[in-house]
């Protein structure tokens, strides 16, 4: 009986290797986009660095959006995830190492756009691979393991910028080695159990109309978009908000609070995901974490002194990281077509890229005239809408 139950579950070694590979994406882009690229842009563009970085962010988001959909779809059509992940890994690392060779701004912009495409050649099929081989009753555990991704991304950034540890010109090489070390093990040693029911195309009549996204899929997409808008705003403007509360707060203290939030989220996401699996309540942890995230933002809006501000941000940061990690895995259970999983996950990836286009306009519209508290209250309201979308969603059959 125990052997039969084990045969219906994906092996833990594969899940761990898969989560490590997924963290490789965060290791690739977090230290590169938040630390190395702004510094290099200042060297090349001078006083126009912020404007030029905005172009990179805009066109990079478009490339990431297109790459996720196109390469996810190609991995569907070729029935091969592993090959696309490997190709994307090789190309993204090669382009990452080429970046320092750019001697002018627009060459750098071109390489970054190509790198975004290559990175999503790796990440799009990798996301779909989990849907092919992780049963529904382990998707909570998978979501908990995915919480390591943002934490490892932040820790890798701290590692490559540790004073005296890595020379500035060697940082991208170290990042490339870390990414390869994270992704290659699942490609070389990952031997997932096969679950034919997860990859079987849906049966439908020949004259049936094309299947459209289901209600749960639309709700999950909208809920993630709303939460990601809040997360993107905090990621971009956390420094300025803390400075408005306490101008004397040191940069390393801001970075430490950010890292603490990501680290605390890991055991909470693991415990929440396992609870969801055991009790067959896949969406309840998402509802709870969205509510807690909104409460954290409301606390940030009301904060007038540093201790309350830091505590409120920790509540928001932990809850949002838990939400996004568990959402990534539970999305796999509600996609309408297994034979279009990569394409559909590419469409879901728009919830990660579109907020970077929406968030600046919200901030520009609210903060100058009404302050950060108005922005945070609006974001808390959006997150509450996400909670209601999920709380009223019918349970999957």
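The values are calculated or read from the model by the stated rules, or taken from the named source; none is laboratory data. As the structure is a prediction and not an experimental result, all values here were calculated from the model. Here the Cβ is made from the backbone with ideal geometry for all residues, glycine too, and neighbour counts use every protein chain on show.
Of the residues making up the stretch 55-76, those that are within 17 Å of residue 35 (Cα to Cα) and either in contact (Cβ under 8 Å) with a residue 60 or more places away in the chain or not in a helix (DSSP H, G or I) (or both) number 1. Filtering 357, 389 for residues that are at pLDDT below 85 and surrounded by fewer than 23 Cβ atoms within 10 Å (Cβ to Cβ) leaves a single hit, 357. Only one entry in 130, 176 is surrounded by fewer than 23 Cβ atoms within 10 Å (Cβ to Cβ), touching a helix residue (DSSP H, G or I) at 6+ places or on another chain (Cβ under 7 Å) and part of a helix (DSSP H, G or I), namely 176. Every condition in (1) closer than 30 Å to residue 11 by Cα; (2) out of contact with any helix residue (DSSP H, G or I) (no Cβ under 7 Å at 6 or more places or on another chain); (3) touching a residue at least 12 places away in the same chain (Cβ under 8 Å) holds for residue 79 except the one numbered (3).
Number of residues in the stretch 358-393 that are out of contact with any helix residue (DSSP H, G or I) (no Cβ under 7 Å at 6 or more places or on another chain) and not in a helix (DSSP H, G or I): the value is 2.
Only one of these is surrounded by fewer than 20 Cβ atoms within 10 Å (Cβ to Cβ) and either at pLDDT 90 or above or in a loop (DSSP other than H, G, I, E, B) (or both): 227, 288. Name it. Only one candidate qualifies: 288.
Residues to consider are 340, 397; find the one that is surrounded by fewer than 22 Cβ atoms within 10 Å (Cβ to Cβ), modelled with pLDDT under 90 and in a helix (DSSP H, G or I). The unique qualifying residue is 340.
All told, residue 22 meets the bar of being buried (at least 19 other Cβ atoms within 10 Å of the Cβ), under 17 Å from the mean Cα position of the chain (by Cα) and either at pLDDT 80 or above or part of a helix (DSSP H, G or I) (or both). Taken residue by residue, the stretch 361-384 has at least one member that is closer than 20 Å to residue 57 by Cα and surrounded by 15 or more Cβ atoms within 10 Å (Cβ to Cβ).
Hey, among 271, 301, which residue is surrounded by fewer than 22 Cβ atoms within 10 Å (Cβ to Cβ) and more than 24 Å from residue 139 (Cα to Cα)? Unique residue meeting the criteria: 301.
If you go through the stretch 304-334 and keep only what is surrounded by fewer than 22 Cβ atoms within 10 Å (Cβ to Cβ) and either within 18 Å of the chain's Cα centre (by Cα) or over 26 Å from residue 254 (Cα atoms) (or both), you end up with 333, 334. Just to be sure, is residue 49 within 20 Å of residue 344 (Cα to Cα), at pLDDT below 95 and in a helix (DSSP H, G or I)? No.
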